[in-house]
Every structure is written in C-alpha cells, then in structure tokens.
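Here's the structure, in structure tokens; my notes come after.
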Amino acid sequence: MYYNLDWEIKFKNNSKTYNLLMIVECEIEENVENLSDIATIMLPETMLNQALQVKDKIGRGTEVTIKFGYNGQLKTEFVGFVRDITTDGSLKILCEDALFLFRKKIPDWAVQPPKKKAKKKKDDDTGTTPPEPEKPKVLTSVKKIAEYVCKHIDPSYKVVCDFDIMYEKFIIHQATGYDVLQKLQEETKANIYFNTEKKELHIRAPFTEKGGYVIYCMQKNIEKSSLEYKKALDRKFELTVESIQKDGTVKTERIGTPGGDSKTIRVGSLDAKSLKVRAHNEFEQYARDTYEGTFDTWLIPFCKPTYSAKIVDFDYPEQRGIYYVKAVTTKISAEGGVRTITPALKTASA
C-alpha cells in the first residue's frame with residue numbers, strides 16, 4: 001500500500017479564513033513537562049522571485065489549525081495562535097497553543113493565614129489569659145488557583161483537574177497567568193497543559209493519564225531508535241522535598257535509597273499530605289523501569305503525549321511493556337512525515 005502525505009494548515013483572522021498552499025516544513029513539539037505545545041511553520045521567502053507577503057493577512061494572535069495525514073485521512077495535530085513571524089534567512093510562523101492567551105497579567109490574590117490579633121487582657125478573677133480557640137487552617141487547592149487564573153483571562157476555559165494538592169499559603173502578586181501556572185507546575189510536578197480545541201486547562205497527576213493506546217515494534221514500524229533500557233533495580237536514588245511553612249520552618253519529606261544519586265527540591269507552603277504526594281510524584285520516575293532516548297516512526301499510528309505505548313523488541317523480550325509517552329515531535333517536509341516519540345517509565349507489562 002502506498003501512503004501519500006497530505007496536510008492542511010488554516011489561519012483564521014476575525015471572520016476570514018486562509019488556507020496555506022505551500023510550506024518548506026512544519027514541526028510540532030509537545031511535551032507533558034512543558035506548559036505549551038508549539039508549532040513552527042517554515043515557508044520559502046520568495047516565490048517566482050517575489051517576496052511572500054503574509055503579514056498583511058495574518059499576524060500575532062491569528063488562530064491556526066494544523067492537520068497531517070496520509071491519502072486524505074487527516075488528523076488534527078495542533079490548534080493554537082500565531083505568536084510571531086520571523087524572517088531570519090527563511091520565513092517562519094511561530095505558533096503556540098492556548099498558553100499564548102494566558103501571558104496576560106491577572107489581579108493580585110492571596111491565600112495565607114490571618115494575622116495574629118493582639119493579646120487579650122487577663123481575666124480579673126483568675127489573673128490568667130484565656131486561651132484562644134484554635135482556628136481552622138486556611139487552604140486552597142491547585143484547582144481553585146487555576147480557576148482563578150482562567151476567570152480573569154478567559155472564563156470560557158474549563159479546568160479539568162484530578163490532582164489533590166493543597167497550599168497553606170499562595171500569593172499572586174504582579175504576575176501573569178503564565179507565571180502562576182509555571183509556579184504550580186514547578187512546585188507540584190503536575191502535568192499542566194491546554195486542550196485548545198476543547199478550551200480546557202488540564203492539571204493531571206504525572207504518569208497516570210491514559211490519552212490513548214498505540215503499538216510499536218522495533219522490527220516493524222520503528223524506523224530509527226536511540227532507546228536505552230534502564231532498570232529501577234540498578235539505580236539507587238534518594239529524594240528530599242523541603243516545604244517552607246508559613247512560620248518560616250521547613251517541613252521535610254524524604255524518599256528513596258541512600259548511597260547513590262540524590263536530589264533536593266524546595267517548594268512552597270504545602271500541607272503534610274500534599275508534601276508526601278509531591279515527593280511521590282517526583283520519585284516515581286526513578287522507581288520503575290524506563291526507556292531513555294527517542295525513536296522515529298511514521299505519522300501512523302497517531303500518538304500524543306499521555307498515550308500508552310506498547311513497545312515490542314523481538315531481540316530483547318524482557319524489555320517488552322507498556323510505556324507512558326512523555327513527548328512527541330511531529331515533522332513534515334519534502335522528505336515525508338516523521339513522528340519522534342519520547343517514552344518514559346513503564347506503566348505495565350505486556
């Protein structure tokens with residue numbers, strides 16, 4: 001069977017839609033560890049000795065939809081917005097998903113313990129100061145923080161969250177929506193990403209979401225591979241997570257086996273349960289067998305980050321298993337279409 005590469009790139013500016021008729025190449029980069037997906041569309045600078053004029057049709061903020069496929073069977077690979085158009089030797093249209101909209105400032109906001117009140121006067125009869133009743137902790141969740149960000153940038157975006165991390169103190173001051181989401185990602189290790197087409201902001205526990213299922217075989221549909229198999233038993237690793245509490249003290253959670261590599265992470269004011277979850281999420285990638293490296297395949301099967309990929313190698317059957325897909329780079333050019341897959345830890349045997 002023959003496969004003819006097809007593609008469709010559309011730009012929407014206000015009420016007008018433009019179809020791109022020629023490209024040199026187009027590359028889409030997606031990674032669960034990055035807040036945004038990006039696409040780079042490269043065009044020839046000239047056609048028939050005349051410079052291409054695209055800035056009079058599209059510009060910063062123009063909506064873009066990119067589809068790839070074979071024999072007319074197209075799949076949506078990217079939905080986002082034009083971030084910039086550059087002309088450094090070639091004409092490039094740089095695009096970003098919905099994070100583009102969230103690079104705006106939002107109002108200041110804070111969740112923190114109330115200030116201590118002045119001491120009460122002593123009781124005249126006993127000469128002692130009656131104890132104040134213990135006040136409940138003021139907590140806020142990652143989901144509530146994300147909903148606050150969406151509310152002040154684009155209320156049409158829905159927060160999809162299955163990640164129960166609580167903050168005892170969280171302050172937003174002179175920050176953009178991007179700044180807040182980046183802080184949440186760094187401190188919680190959550191997978192935070194946008195589904196621009198559905199207008200959803202996802203906050204997921206790492207390595208748990210199952211976006212789809214694909215099968216790859218070293219002897220069949222993997223064209224090129226730099227994968228290296230790593231066993232968890234061969235790695236000693238100790239992780240320390242330190243949370244700075246509201247009173248200035250440091251709460252510590254330590255996990256792993258001493259005697260090998262070690263790593264220390266400092267995060268904001270998390271409650272005790274959330275601190276344990278944060279340490280577990282970071283340590284998970286060292287506690288299981290994993291593949292390091294990438295492999296190249298065709299555009300089929302369709303694959304995205306969060307997919308579960310069954311990887312088979314007839315030469316090394318012990319490495320067979322289902323792996324979490326961490327990153328995907330998809331590229332088309334005159335040489336054809338290539339999907340570069342970056343698997344992460346093994347989630348199940350196969």
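Laboratory data are not the source of any read-out in this text; all were calculated from the coordinates shown. What you see is a predicted model, and the numbers here were worked out from it, not measured in a lab. Glycine also receives a Cβ, built like all others from the backbone with ideal geometry; neighbour counts cover every protein chain displayed.
Worth a mention:
- Using R0 = 41 Å, the C-beta based FRET efficiency linking Lys12 and His173 works out to 0.70.
- Fewest-first sequence of Glu318, Glu33, Glu253, Glu77 by Cβ atoms within 10 Å of each Cβ: Glu318, Glu33, Glu253, Glu77
- Length available on full extension from Val160 to Asp234: 0.36 nm per residue minus the Cα-Cα distance, which gives 23.0 nm.
- In a reduced charge model with +1 at each Lys and Arg Cβ and -1 at each Asp and Glu Cβ, the chain shows a dipole moment near 1260 debye about its Cα centre.
- For region 5-96: span of alpha carbons on each principal axis (Å, largest first): 40, 32, 30
- Springs between Cα atoms under 10 Å define the GNM used for the chain, and in it the highest mean-square fluctuation of Lys276, Lys220, Lys246 occurs at Lys220.
- Proxy reagent accessibility, fewest Cβ within 10 Å first, across Tyr2, Tyr216, Tyr229, Tyr167: Tyr2, Tyr229, Tyr216, Tyr167
- The alpha carbon gyration tensor of region 267-350 gives principal lengths a ≥ b ≥ c with a/c of 1.5 or higher and a/b no greater than b/c, which makes the shape oblate.
- Of all DSSP beta bridges in the chain, antiparallel share, percent nearest 5: 85
- Under 16 Å from Lys189, Cα to Cα: aspartates and glutamates that are on another chain or at least 8 residues apart: Glu33, Asp162, Asp164, Asp179, Glu209, Glu242, Glu253, Asp271, Glu282, Glu284
- Between Lys198 and Glu25, the simple spin-label model (points 7 angstrom out along Cα→Cβ) gives 3.2 nm.
- A quarter of the convex hull surface defined by the alpha-carbon atoms of the chain gives 24.7 nm² as the mean projection.
- For region 5-96, the residue among Asn13, Ser36, Tyr70 whose Cα projects farthest onto the positive side of the dipole built from Cβ charges is Asn13.
- The length gained on full extension between Asn34 and His152, counted as 0.36 nm times the residue separation minus their Cα-Cα distance, comes to 40.2 nm.
- Exposure proxy ranking for Lys231, Lys331, based on other Cβ atoms within 10 angstrom of each Cβ and starting from the fewest, stands as Lys231, Lys331.
- Residue by residue, region 241-251 carries 3J(HN,Hα) couplings of 10, 10, 10, 7, 7, 5, 8, x, 6, 10, 9 Hz when phi is fed to the Karplus relation 6.51 cos²θ - 1.76 cosθ + 1.60 (θ = phi - 60°); x denotes Gly or Pro.
- Scanning residues 5 or more positions from Lys169 or on other chains, those with amide H under 5 Å from its amide H are Ser269, with H placed 1.01 Å from N in the peptide plane.
- Per-selection Kirkwood Rh - region 232-288 (Cα, Å, 1 d.p.): 11.7
- Counted residue by residue at 0.36 nm each, then reduced by the alpha carbon distance between them, the extension gain from Ala334 to Glu186 reaches 49.4 nm.
- Where labels lie 7 Å past Cα in the beta-carbon direction, separation of Ser349 and Asn221 in nm: 2.5
- Listed residue (Gly260, Leu91, Val250) projecting farthest to the positive dipole end of the chain, Cβ model: Val250
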